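Worksheet: the structure to be examined is printed underneath.
What follows is calculated from the coordinates using simple rules that are stated; it is not laboratory data. Please read these numbers as outputs of a predicted model, since none were measured by experiment. Here Cβ is always computed from backbone atoms with ideal geometry, including for glycine, and neighbour counts include all displayed protein chains.
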Amino acid sequence: MKDTFFFIMLSMASAAWACTPDLPGGAANKAQTIDAKKYVLAYRTQPEKIVIGQHFVVDLALCARDGATAPDSVRVDAHMPEHRHGMNYKTTVTSSGKGRYRAEGLMFHMPGRWEYVFEVRAAGATERITASVVLQ
């Protein structure tokens, strides 16, 4: 009986932690993963190596942790914390279903540390998920 109880509890715990965003493709361009409070986010850029002054795309996938609501909308932006300014362009985010999104129109116009800002809106609340990248 104890073994059965232990197995059931282990299965329930694994299911609660089993939040893996589905971001297919990109075998050569490995996705970065961010564990946030309510979501797990995976993203990758196209092209993989960002060139200063050239537009690029961010493909991303989200999965909601146990108890979190599926996103109503997702926004993607970027800024330079040390310089206190953002990009000169506004991104457009489109959903391709199944928790996958594509952000187009990003451009880093100068070298330095940039911070991606992923805003996930669900059930009237917004969670901001950030990741840093340094361009030289």
Subject >> the range 72-136: trypsin sites (Lys or Arg not before Pro) in DSSP coil with no more than 13 other Cβ atoms inside 10 Å >> reply: R84, K90, K98
**OP:** Enumerate the amide H contacts of G86 below 5 Å, restricted to partners 5 or more residues apart or on another chain; note that Pro and chain-start residues carry no placed amide H.
**Re:** M80
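Across the chain, how many lysine pairs, 8 or more positions apart or on different chains, have C-alpha atoms separated by under 25 Å? Please give the number.
Close lysine pairs found across the chain: 7.
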**OP:** Report the net charge of residues surrounding E48, where surrounding means a beta-carbon distance below 14 angstrom and charges are Lys +1, Arg +1, Asp -1, Glu -1.
**Re:** +2
Original post:
In terms of the ratio Rg/(2.2 N^0.38 Å) built on C-alpha atoms, what value belongs to the chain?
Top reply: 1.22
**OP:** Go ahead and estimate [θ] at 222 nm for the chain from helices alone: -39,500 (n - 2.57) per DSSP H run with n ≥ 4, summed, over the residue count, rounded to 500.
**Re:** -4000 deg cm²/dmol
Subject >> Net dipole in debye of the chain [+1 Lys, Arg Cβ; -1 Asp, Glu Cβ; about Cα centre; nearest 20] >> reply: 60 debye
Original post:
Ranked by Cβ crowding within 10 angstrom, fewest neighbours first, how are T33, T45 ordered?
Top reply: T33, T45
